[in-house]
Amino acid sequence: MPLVTTTEMFKKAYEGGYAIGAFNVNNMEIIQGIVEAAKEEKAPLILQVSAGARKYAKPVYLKKMVEAAIEDSGLPICLHLDHGDSFELCKDSIDGGFTSVMIDASHHAFEENIKITSEVVKYAHDRGVVVEAELGRLAGIEDAVNVSEKDAAFTDPDQVQEFVERTGVDSLAIAIGTSHGAYKFKPGTKPQLRFDILEEVGKRLPGFPIVLHGASSVPQEYVEIINKFGGNMPNAIGIPEEMLRKAASMAVCKINIDSDLRMAVTATLRQYFAEHPEHFDPRQYLGPAREAVKKIVKHKLVNVLGCNGKA
Ligand code: G3H
Ligand code: 13P
Ligand code: ZN
């Protein structure tokens, strides 16, 4: 089976009231951990590559490993560019064989966002590739994405219909209070998402797939292990899993998860090195890290996304 787009996946997910997991990939162990989990749970997958991941691993390596994952698993897998910030980056990914790209022009004004997104849609659709765009701005910091809280903005439901019609985009990421990274809500505060906005967007765009970025839950057990074995992560609250399940039962068809996987790897490595100071073969510690990725992804597929058995 070749790489697939998200068209069929999203149609079934929308109708079935579940979401597809979009997991960020940076190396072989992360890809294998995710794909092993999806294979055992018979789940369709989106594997996404950020600009930072491209720089770290080179897109061609990631693409070939994802193709190997398809051969090994027989699963429908979409290879997606995460947070493409320019036409050139999207074009390069499309030319390199990605089946889906995100053009993130959400930091531009509405008209400019439409202009840039439309250019990408034209180039992508002519080549059978699908496009995700973003309206509204999530807060949070990662390698190539850095938005302060004051620059974050919820999506305005009054804009979504015009945006989708004028750009021809295939899915839309919206801002309802999730944020990138491992520090989403301050300890002691009550996490809240603007489900009223999601509901209104769903009414304005019936049947249209919505995307939720910044959807890691930041499991407390990882924070504790990381800090117990020499790390120094401030306590923070992620997105409660029941909120993600609720979003998946509504118009959200794609849920992006990266930070939880990073934490799973880091917690495993910190514990491993503390307990096995004599080991120096990378397979000894990367193997358990891969297992940790598999475990958290299985949990997400079954208990959060509800896409198990849907491949
Ligand atoms: O939303 C961004 C993704 O989690 C990728 O993060 O830019 O650090 O690779 P990155
Ligand atoms: P998290 O940082 O919450 O995992 O979000 C990842 C993401 O949105 C990737 O685009
Ligand atoms: Zn994101």
Inter-label distance for Lys58 and Phe273, nm, one decimal - labels placed 7 Å from Cα along Cα-to-Cβ: 2.7
Listed peptides 20-32, 281-293 by packing density, highest first (mean Cβ within 10 Å): 20-32, 281-293
Apportionment of accessible area to carbon and sulfur, the stretch 209-273, percent (1.4 Å): 52
Cα-only radius of gyration and Dmax that characterise the stretch 42-88, units Å: 11.5, 35
FRET efficiency, Lys228 to Phe87 (Cβ-Cβ, R0 35 Å, nearest 0.05): 0.15
Share of pairwise Cα separations in the stretch 1-120, more than 26 Å, in percent: 22
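Within the stretch 39-90, which trypsin sites (Lys or Arg not before Pro) sit in a loop by DSSP and count at most 11 neighbouring Cβ atoms inside 10 Å?
Passing sites in the stretch 39-90 do not exist.
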Mean Cα-pair separation over length for the stretch 26-174, i.e. relative contact order, pairs under 8 Å, 6 or more apart, %: 18
Separation of the Gln284 and Asp158 label points, Cα + 7 Å toward Cβ, nm: 6.3
Theoretical ellipticity at 222 nm over the chain - DSSP helices of four or more residues, -39500 (n - 2.57) apiece, nearest 500: -14500 deg cm²/dmol
Length-normalised contact order for the chain - Cα pairs under 8 Å, 6+ apart - percent: 23
Rotationally averaged projected area of the chain (alpha carbon convex hull; nm²): 14.9
Mean Cβ neighbour count within 10 Å, used as a protection proxy, ranking 8-19, 77-88, 186-197, 252-263 highest first: 252-263, 77-88, 8-19, 186-197
Accessible surface, the stretch 176-311, averaged per residue in Å² (probe 1.4 Å): 46
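Between Glu112 and Glu15, what's the calculated FRET efficiency when r is the beta-carbon distance and R0 is 41 Å? Round to 0.05.
Given R0 = 41 Å and the Cβ-Cβ separation, E is 0.75.
The values are calculated or read from the model by the stated rules, or taken from the named source; none is laboratory data. The shown structure was predicted, so the numbers you read here are calculated from the model rather than taken from an experiment. Because the Cβ atoms are built from the backbone with ideal geometry, glycine has one as well, and the counts that use them run over all protein chains shown. Only protein heavy atoms, including side chains, enter the accessible area calculation; ligands, DNA and RNA are left aside. Shrake-Rupley method; radii C 1.70, N 1.55, O 1.52, S 1.80 Å.
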